[in-house]
Amino acid sequence: MSLSLYNTLTRRKDLFQPIDPDRVRLYVCGPTVYSYAHIGNARPVVVFDQLFRLLRHVYGEEHVVYARNITDIDDKIIDAARANGEDIATLTERTTATFHADMAALHCLLPTIEPRATAHVGGMIAMIAQLIASGHAYAAEGHVLFSVAKMADYGSLSRRSQDDMLAGARVEVAPYKQAPGDFVLWKPSSPDQPGWDSPWGRGRPGWHIECSAMSEQHLGTHFDIHGGGIDLIFPHHENEIAQSVCAHGGEPFVNVWMHNGFVEVEGEKMSKSIGNVLIVHDLIRQHPGEALRWAMLSAHYRDPIDWTAERVKQAKASLDRCYTALRAVADIAPVVPETPAVLAALSDDLNTPLAQAVLHEQVTALNKAKGEQDQAVAKGELLASAALLGFLDADPEVWFRWRPEGAQGLDDAAVDALVAARVEARLARDFTQADRLRRELTEAGIILDDGPQGTIWRRA
RNA sequence: GGCCGGAUGGCAGAGUGGCUAUGCAGAGGACUGCAAAUCCUCGUACCCGAGUUCGAUUCUCGGUUCGGCCUCCA
């Protein structure tokens, strides 16, 4: 199965050919750990988790290296720590732990490597020194800046020229800059700010250099795929390219650049001023994480996604349909196929909406399957496809008993008791009583299914 | 102003130069003590205009419109 991926560099889908199929390397820009991750932060995590899963399937689990950094030094962190009255390490460790838990709830695997910026300052300083030595950067007033004029094809990823950018007139013109487009590699720290000793005085790294230094250390100077949000194309990734290519004597840096689209909320841009920022940590208390993952993957990763209550509801309904089918064949051992049917959809630039459609067709096939043999095959087809997407790994009984945190109403034992009472009433052919109990349960959000094997229930 | 990406049925969302996904919602039927679930059937959607073509929702050009980025941003 050939894999094609849309490459921001070429602006088209290209056949993916790894540099080394025994060591396929992926780098994704990870979180700046100063507060809870919002749904927009979660999108690249879910999208590139999906890519990671696909690459592992195609090249083998041991042959894929996925690095996603933790940015644990940044001015936003400094400000947040000060505001909280806690030290930076406490803040970043706490936030990182929450990030891990939240992303795990979205069924995201841990990356192979999770480098932290503060553990790589030495590498950043070395790379900056290299850039100065090769004439691509200069020191001025305690800062070190990259000189964009020294790189011939600066702007090739975002396809913009220096002139175009100056027309935007939002470029900060600092006195120590030789040209307005030059960007900071190193900046000085005041005594009350965190800092590291360097040849240019005590200071801290600029935003872009950490990814160049960390990818170099863990993935080498030239690797396969680099991902992140579409807003990172410029300046972050453009500058990363400039730093890495120039520090490595002009050799190629990344073959495929991939960018996910933005998340909107109920048709509006998500922003603090509108007050519609959705925090993953809150969402996972109100909805099963698997449903949130389904919702996130229900739009193609390059398109903007409008995150709505309706979308989450539909995602939950889709998974209910899957788990309903699986519940009916819970006792049948699946016959797992070698190649999941969703592989073709995923191999076409991660077409997850099409993959979900395939899952639905597999559910229909499972529902229609007659006899244990056919059911075992249909179940295996569904599970194999779902596994590649990070879905349907729960016990259906657990899925259908899920309830939001702090939910009022009947707990599992209370429901079981009422259901048992109704079963007795039905056996006694007291349908008035049975229907009264059904009504009571329906009002409590419990849906009953009287089947040949007895009565089962689920939460709506 | 520059660069980039969209516009598909009630909703979400794929895809294709002719055979018009998938799910939800809706209509009808089978099944059912009631119900739920399931299965079957149904609704003939592709922003506008011109061009290319035997044929365009799909390709080309123009337009309308929505959105993103232009050194804080996933």
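Quick look at the numbers
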read-out	value
Residue in region A:175-191 that is farther than 23 Å from A:Gly30 by Cβ, in contact (Cβ under 8 Å) with a residue 24 or more places away in the chain and within 21 Å of the chain's Cα centre (by Cα) present	no
Any hit, region A:232-243, residues being charged (D, E, K, R), in the same structural domain as A:Arg68 (by TED's automatic domain parsing), touching a His at 6+ places or on another chain (Cβ under 8 Å) and surrounded by fewer than 23 Cβ atoms within 10 Å (Cβ to Cβ)	no
Meets criteria (more than 9 Å from RNA strand B (Cβ to nearest atom), surrounded by fewer than 17 Cβ atoms within 10 Å (Cβ to Cβ) and touching a residue at least 60 places away in the same chain (Cβ under 8 Å)) for A:Ala330	yes
Of all residues making up region A:414-447, the number that are of a type in the set (Lys, Arg) and surrounded by 12 or more Cβ atoms within 10 Å (Cβ to Cβ)	4
Flag for A:Thr112 being surrounded by fewer than 21 Cβ atoms within 10 Å (Cβ to Cβ), away from RNA strand B (no atom under 15 Å from the Cβ) and within 18 Å of the chain's Cα centre (by Cα)	yes
Of the criteria (1) exposed (fewer than 14 other Cβ atoms within 10 Å of the Cβ); (2) out of contact with any helix residue (DSSP H, G or I) (no Cβ under 8 Å at 6 or more places or on another chain); (3) under 21 Å from A:Glu216 (Cα atoms), which one A:Asn7 fails	(1)
Close pairs (6 angstrom Cβ cut-off, 6 or more residues apart or separate chains): over 14 Å from A:Tyr176 (Cα atoms) in region A:131-160, part of a strand (DSSP E or B) anywhere	A:Leu131/A:Ala137
Some residue of region A:402-414 being in a helix (DSSP H, G or I) and within 16 Å of RNA strand B (Cβ to nearest atom)	no
Matching residues, region A:440-460, being charged (D, E, K, R) and touching a residue at least 24 places away in the same chain (Cβ under 8 Å)	A:Asp450, A:Arg458, A:Arg459
Filter result for A:Asp74 (among the charged types (D, E, K, R), surrounded by 13 or more Cβ atoms within 10 Å (Cβ to Cβ), under 30 Å from A:Ala295 (Cβ atoms) and touching a helix residue (DSSP H, G or I) at 6+ places or on another chain (Cβ under 7 Å))	no
Tally of residues being more than 9 Å from RNA strand B (Cβ to nearest atom) and in a helix (DSSP H, G or I) across region A:267-321	18
One residue from A:Leu366, A:Leu382 being in a helix (DSSP H, G or I) and either assigned by TED's automatic domain parsing to the domain that holds A:Gln17 or away from RNA strand B (no atom under 11 Å from the Cβ) (or both)	A:Leu382
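Quick grid of which residues meet (1) free of Cβ contacts under 8 Å to residues at least 60 places away in the same chain; (2) part of a helix (DSSP H, G or I); (3) touching a Gly at 6+ places or on another chain (Cβ under 6 Å):
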residue	(1), (2), (3)
A:Gly40	no, yes, no
A:Glu62	yes, yes, no
A:Ala67	no, no, no
A:Ile73	no, no, no
A:Lys76	yes, yes, no
A:Ala80	yes, yes, no
A:His100	yes, yes, no
A:Cys108	no, no, no
A:His120	no, yes, no
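Per-residue answers, yes or no, for (1) more than 16 Å from RNA strand B (Cβ to nearest atom); (2) polar (S, T, N, Q); (3) on the phi > 0 side of the Ramachandran plot:
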| residue | (1), (2), (3) |
| --- | --- |
| A:Pro44 | no, no, no |
| A:Val47 | no, no, no |
| A:Glu62 | yes, no, no |
| A:Val65 | yes, no, no |
| A:Thr98 | no, yes, no |
| A:Ala101 | yes, no, no |
| A:Cys108 | no, no, no |
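The values are calculated or read from the model by the stated rules, or taken from the named source; none is laboratory data. The shown structure was predicted, so the numbers you read here are calculated from the model rather than taken from an experiment. Positions of Cβ are backbone-derived with ideal geometry, glycine not excepted, and every protein chain shown enters the neighbour counts.
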